[in-house]
1. Please name all residue pairs, on different chains or six or more residues apart, with Cβ atoms under 8 Å, provided the first residue is in region 295-314 and is outside the structural domain of P135 (by TED's automatic domain parsing) and closer than 17 Å to I272 by Cα and the second residue is β-branched (V, I, T) and assigned to a helix (DSSP H, G or I).
2. Being among the hydrophobic types (A, V, I, L, M, F, W, C), within 13 Å of ligand 1 (Cβ to nearest atom) and either touching a residue at least 60 places away in the same chain (Cβ under 8 Å) or open to solvent by 50 Å² or more (accessible area, probe 1.4 Å) (or both) is true for just one of I90, I101, I118. Which residue is that?
3. Going residue by residue through region 181-189, is there one that turns out to be under 20 Å from L6 (Cβ atoms) and in contact with an Asp or Glu (Cβ under 6 Å, 6 or more places away or on another chain)?
4. Are there any helices (runs of 4 or more DSSP H) wholly within region 1-94 with 2 or more residues that are under 23 Å from P124 (Cα atoms), and if so which?
5. Taking the options S97, S34, name whichever one is in contact with a Ser or Thr (Cβ under 6 Å, 6 or more places away or on another chain), hydroxyl-bearing (S, T, Y) and either farther than 26 Å from G304 by Cβ or within 16 Å of ligand 2 (Cβ to nearest atom) (or both).
6. Among the residues of region 138-155, write down those that are open to solvent by 10 Å² or more (accessible area, probe 1.4 Å) and within 30 Å of H306 (Cβ to Cβ).
7. Kindly evaluate A80 against the criterion of being closer than 19 Å to A37 by Cβ, more than 20 Å from the chain's Cα centre (by Cα) and more than 16 Å from ligand 1 (Cβ to nearest atom).
8. Check region 66-83 and report whether any residue there is touching a strand residue (DSSP E or B) at 6+ places or on another chain (Cβ under 6 Å) and farther than 23 Å from K249 by Cα.
Amino acid sequence: MENDFLTVLKQQLQTPQKTVIIPHKNPDGDALGSCLAWMHFLQNEKHEAVIVSPNEYPAFLDWMPGQEQILIYSQQPEQAEQKLEQADLIFTLDFNSLGRIDALEPLVEKASAFKVMIDHHESPDDYAALMYSDPKMSSTCEMVYHLITALNPKALTPDIANCLYTGIMTDTGSFKYPSTTAETHKAIAHLIEQGAEGTDIHQKIYDSSSFNRLKLLGIALSNLTQIHTLPVVYITLSQAELNSCAYQKGDTEGFVNYGLSLEGVQFACILIENEKEGKIKMSFRSKGAFSVNDFARTYFEGGGHHNAAGGMSKDSLEKTVARFKTAVLQIADQF
Ligand code: 5GP
Ligand code: MN
């Protein structure tokens, strides 16, 4: 974190401020964990802090401390708009391009608030007046950990520790991705000392599947396909297949990783049909040198990190699969 960032942020937070914190659409553990931790910190420092999420978050996160205070724009647009209009500061966490917040984009653009980005994705846009952007960080939660401890070393409460632990754990694949450093483990150790309950969080996130979710995983795995003899696999889930298992938001979280668990596979993709939004949501994961961030940006209007990215297609599922195969064959020399 650069000293300038801290200095300017401290100036902005000298007196009680009205603040809004925004995660990306379809917030995950890191987005929600970082926003909630930052909300608790600001509230404890006597600021007004409210999280405005573009849409709902998955049920496996609905135990997180403070989540009941989140304003969901798609459900309470007037209240959310009012908060954004009145805000002195807007913090955008775990994304770096306003396209990731859908309908909130124009509202944030027109808001007069001082905008601060805290994020670990590559190639940030320049909408924020102040930026803490570090793609080497495991998670936005690890960044918020550094930020809070730099601002006030005594500020870590058990609620903040639990929120930050959750996001670091989920964004590192339980501390196994290459972004996990000694510093990450030191942060985690400190969070445990301050009251984070690791075992409890692991169980709440990973051992909370519904029967329907496991049935859907069975369908996903039976759809797993390899592209020719390349170390590339993909999974499809059609809307009908999702419906047959009474799909709930968050049910497909983690499915794409099963493709990558195959020996030798370097690139895995999942394509999920969303009839209501008229699009196919794609998640990309890789091991090693192959950049799914570049792939997602080049072919599927997306982006993310080197080894984990997302994208989308407005074509049918069949056509998107065909486009995906063509794209993979075009870059096959990278494997
Ligand atoms: P997921 O596949 O879990 O949705 O996303 C994987 C990673 O890529 C996450 O860090 C997520 O924030 C990022 N990501 C997902 N979709 C998009 C997208 O459409 N654009 C960009 N820039 N990043 C994305
Ligand atoms: Mn993240």
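The values are calculated or read from the model by the stated rules, or taken from the named source; none is laboratory data. Predicted model only: the values in this text are computed from it and were never measured. Note: ideal-geometry Cβ built from the backbone for every residue, glycine included; neighbour counts use all protein chains shown. Note: accessible area is taken over every heavy atom of the protein model, side chains too, but ligands, DNA and RNA are not part of it. Shrake-Rupley method; radii C 1.70, N 1.55, O 1.52, S 1.80 Å.
1. Partner pairs satisfying both residue conditions: A308/V292; A309/V292; S313/T320.
2. Details: I90 fails: within 13 Å of ligand 1 (Cβ to nearest atom); I118 fails: within 13 Å of ligand 1 (Cβ to nearest atom).
From the options I90, I101, I118, the qualifying one is I101.
3. If we filter region 181-189 for residues that are under 20 Å from L6 (Cβ atoms), which is where we start, we get 183, 186-187.
From what is left, the residues that are in contact with an Asp or Glu (Cβ under 6 Å, 6 or more places away or on another chain) are 187.
Yes, region 181-189 contains at least one residue that is under 20 Å from L6 (Cβ atoms) and in contact with an Asp or Glu (Cβ under 6 Å, 6 or more places away or on another chain).
4. Numbers: elements: 3-12, 29-44, 77-86.
In region 1-94, the matching helices (runs of 4 or more DSSP H) lie at 3-12, 29-44.
5. Numbers: S97 fails: in contact with a Ser or Thr (Cβ under 6 Å, 6 or more places away or on another chain).
Every option except S34 fails the conditions.
6. Answer for region 138-155, where residues must be open to solvent by 10 Å² or more (accessible area, probe 1.4 Å) and within 30 Å of H306 (Cβ to Cβ): Y145, H146, T149, A150, L151.
7. Working: closer than 19 Å to A37 by Cβ: no; more than 20 Å from the chain's Cα centre (by Cα): yes; more than 16 Å from ligand 1 (Cβ to nearest atom): yes.
When the stated conditions are applied, A80 does not pass them.
8. So far as region 66-83 goes, yes, one or more of its residues are touching a strand residue (DSSP E or B) at 6+ places or on another chain (Cβ under 6 Å) and farther than 23 Å from K249 by Cα.
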